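A.B. asks: Sharing a structure with you now.
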Amino acid sequence: MLYTVLCYNSEDEVAAWSKEKDDAVLGKLAVVGKQLKDEGKLRFSARLMYTTAAVTLRPGRNPLPIVDGPFAETKEQLLGFYILECETLEEAIEAGRQLAGPRESGALEIRPMRSVHEGSGL
Amino acid sequence: MSEVGWIDAALTSARPHALAALLRYFRDLDTAEEAFQEACLRALKTWPLNGPPRDPTAWLIFVGRNSALDEVRRQKHHDPLPAEHMISSLEDTEGALVERLDNSHYRDDVLRLLFICCHPELPATQQIALALRIVSGLSVKEIARAFLVGESAMEQRITRAKRRVATADVPFDAPGAVERAQRLGTVAAMIYLLFNEGYSASGGEAHIRLPLCEEAIRLARILLRLYIGEPEIMGLTALLLLQHARAPARLDADDAIVLLDDQDRSLWNRDLIAEGLALVSKALRLGKPGPYQVQAAIAAVHARAGRAEDTNWAEIERLYAALEGLQPSPVVTLNRAVAVSKVRGPAAALEMIGPLEEWLDGYFNFFGVKGALLTQLGRAAEARIAFDRAIALANTPAEAAHIRLHLDRLLKDSTAATKAPA
């Protein structure tokens, strides 16, 4: 089963991290990522740019509204994600626990993938 | 990572919003600052025990406001302060607060807080120092170090500036569209100045002061998050990111300046460039070009060139021409002339900068560019005069050293020429 781990945090807070702190957190996450990769669990991971770089399309109207920014203004923003292959939810939670280790705030949402479209690369 | 790590980052990131809201509540900068300070002290005590509140900013505003009100009451009646446990569980009250305080509620407050630092009677460096103290929350010591002045001198400067802005009459009503746009422009200019103070220091030994650049980027990002559809704020943020991306390549091991053409582009920060490019594309598709967007677009052309010789100078010249139209200034024309020299040769560029001398006769870069163009044309004697003038106008030792390099090269070439067999 494929699981997505969606990583949320306040981007204002993350933007206030010192470079040392940012490097330290990413360094620790890289170690966890490598380990998950070696165990055959990690399929893909990415850090996203801040929501200020986003544009949002709102289908249903013509012309299509294209709005600057994320789809909703929230306290915490989607800042990155992992795609994991795990046998059970317990296994996914255990992987999530490891990914939570180097973080001190924010939230990790584990969402099983409903279907993977053919030829989409996973 | 220690607990203090995340608390520090949370307090730093909450500061502009929380302080701005407290200022609106108390209408007095000192009271607002004290209230915020008090709230931070309590956060340091209670957050490690209870974990972070759901909305740190709302928590700090709530606790700061109450503690300042307590202080007023205490001075009146000498009542004891409320016990810690009374403020350590704020979930219910906080919940109600969170409903009301999304980003749009902070928008004009944070802008006002930044705007009052930009009092027109304050010289630019004092505006910057004040913003660093009030909005960023840097200590006087840190600011003094960044500006390379003594702590007590900086303390005095900030105190005086604060007194000046305290009497400024910045209304607390939500500004109208025109006023808001004016405030945004003023604040954007201050953030750009702050960045430039770090990017090309106006005095002292260090040529680049990275912390000032980083703080400018953080403030630009905060402003952009609040005004997410403003093309010029996108442009400003992109410009700062793209310029800052080159910082690791701008000085060599001996702190000598490395010109854009000679920089090791593998040292450029790819993440910052990617974000800068994303913001430039976002801004330009809105079809409302402005000076920051055009400057960011120019920086983007450089960032896209894998090697110096791949630079699309014709595009850069076109963009500088657009910038001249939006914001005519001799410095813009000087920069355009550099692009012209690459596209049409040094003679055309020299002709272009001729009329600028009357405006730029105190400007280091003007004589640096003039000397370089004269050198390319083989007019060594005139080039030397221009370079001598540039050295006299250099703002930092690195600038002077860079020009001396040109002079040494001239000297070597002329010796070589005299020694060459006829």
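The values are calculated or read from the model by the stated rules, or taken from the named source; none is laboratory data. These numbers were taken from a predicted model, which means no experiment stands behind them. Because the Cβ atoms are built from the backbone with ideal geometry, glycine has one as well, and the counts that use them run over all protein chains shown.
A.B. asks: Can you find a residue in segment B:210-229 that is modelled with pLDDT under 90, part of a loop (DSSP other than H, G, I, E, B), more than 18 Å from residue B:288 (Cβ to Cβ) and under 13 Å from the mean Cα position of the chain (by Cα)?
C.D. replies: no
A.B. asks: Identify all residues within segment B:249-291 that are in contact with a Leu (Cβ under 8 Å, 6 or more places away or on another chain), in contact (Cβ under 8 Å) with a residue 24 or more places away in the chain and closer than 23 Å to residue B:342 by Cα; write none if there are none.
C.D. replies: Within segment B:249-291, B:257, B:291 meet the criteria.
A.B. asks: Next question. Restricting segment A:104-119 to residues that are away from every other protein chain (no Cβ under 14 Å) and touching a residue at least 60 places away in the same chain (Cβ under 8 Å), which is farthest from the chain's Cα centre (by Cα)?
C.D. replies: A:116
A.B. asks: Are any residues in segment A:1-28 within 14 Å of another protein chain (Cβ to nearest Cβ) and farther than 20 Å from residue B:8 by Cβ, and if so, which ones?
C.D. replies: Hit for segment A:1-28 is A:8, nothing else.
A.B. asks: Restricting to segment B:133-170, count the residues that are more than 27 Å from residue A:12 (Cβ to Cβ) and among the aromatic types (Phe, Trp, Tyr).
C.D. replies: So the answer is 0.
A.B. asks: Of the conditions (1) assigned to a strand (DSSP E or B); (2) under 14 Å from the mean Cα position of the chain (by Cα), residue A:29 clears all except one; give me its number.
C.D. replies: Result: residue A:29 passes all but (1).
A.B. asks: Count, please, the residues in segment A:1-37 that happen to be closer than 16 Å to residue A:48 by Cα, aliphatic (A, V, I, L, M) and in contact with a strand residue (DSSP E or B) (Cβ under 9 Å, 6 or more places away or on another chain).
C.D. replies: 5
A.B. asks: Look through segment A:64-103, keep the residues that are within 14 Å of chain B (Cβ to nearest Cβ) and within 12 Å of residue A:7 (Cα to Cα), and return whichever of them is surrounded by the most Cβ atoms within 10 Å (Cβ to Cβ).
C.D. replies: That would be A:77.
A.B. asks: When residue A:45 is evaluated against the numbered criteria (1) under 18 Å from residue A:8 (Cβ atoms); (2) surrounded by 17 or more Cβ atoms within 10 Å (Cβ to Cβ); (3) within 14 Å of another protein chain (Cβ to nearest Cβ), which criterion, by number, is the only one it fails?
C.D. replies: (3)
A.B. asks: To continue, here is another question. Restricting to segment B:281-293, and then to whatever is assigned to a helix (DSSP H, G or I) and over 16 Å from residue B:188 (Cβ atoms), can you tell me which residue is farthest from the other protein chains (Cβ to nearest Cβ)?
C.D. replies: Here the residue is B:284.
A.B. asks: Can you name every residue in segment A:48-63 that is aliphatic (A, V, I, L, M), in contact with a helix residue (DSSP H, G or I) (Cβ under 8 Å, 6 or more places away or on another chain) and either more than 14 Å from chain B (Cβ to nearest Cβ) or closer than 30 Å to residue A:1 by Cβ (or both)?
C.D. replies: A:49
A.B. asks: Another question, if that's okay. Hey, among the residues in segment A:56-94 that are assigned to a loop (DSSP other than H, G, I, E, B), among the acidic types (Asp, Glu) and farther than 18 Å from residue A:35 by Cα, which one's farthest from the chain's Cα centre (by Cα)?
C.D. replies: A:73
A.B. asks: Here's something else I'd like to know. Return the only residue of B:149, B:135, B:140 being without any contact (Cβ under 8 Å) to a residue 24 or more places away in the chain, within 26 Å of residue B:9 (Cβ to Cβ) and among the aliphatic types (A, V, I, L, M).
C.D. replies: Just a single option satisfies the conditions, and that option is B:140.
A.B. asks: May I pose another question? For residue B:197, indicate whether it is at pLDDT 90 or above and part of a helix (DSSP H, G or I).
C.D. replies: No: the conditions fail for residue B:197.
A.B. asks: Same structure, new question: Going through segment B:383-422 one residue at a time, which ones are among the β-branched types (Val, Ile, Thr) and modelled with pLDDT of 80 or more?
C.D. replies: Across segment B:383-422, the qualifying residues are B:385, B:391, B:396, B:403.
Quick grid of which residues meet (1) at pLDDT below 95; (2) loosely packed, with under 14 Cβ neighbours inside 10 Å:
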position	(1), (2)
B:249	yes, no
B:256	yes, no
B:273	no, no
B:278	no, no
B:285	yes, yes
B:297	no, no
B:309	yes, yes
B:320	no, no
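A.B. asks: Still on this model: Can you name the residue in segment B:25-34 that is surrounded by 15 or more Cβ atoms within 10 Å (Cβ to Cβ) and out of contact with any Phe, Trp or Tyr (no Cβ under 7 Å at 6 or more places or on another chain) and, of all such residues, is nearest to the other protein chains (Cβ to nearest Cβ)?
C.D. replies: B:33
A.B. asks: Sort out which residues of segment B:248-271 are out of contact with any Gly (no Cβ under 8 Å at 6 or more places or on another chain) and in a helix (DSSP H, G or I), and write them in order of number.
C.D. replies: B:248, B:249, B:250, B:260, B:261, B:262, B:266, B:267, B:270, B:271
A.B. asks: Select from segment B:36-69 the residues that are among the small types (Gly, Ala, Ser), within 14 Å of chain A (Cβ to nearest Cβ) and either surrounded by fewer than 19 Cβ atoms within 10 Å (Cβ to Cβ) or within 16 Å of residue B:24 (Cα to Cα) (or both) and list them in ascending order.
C.D. replies: Across segment B:36-69, the qualifying residues are B:51, B:58.
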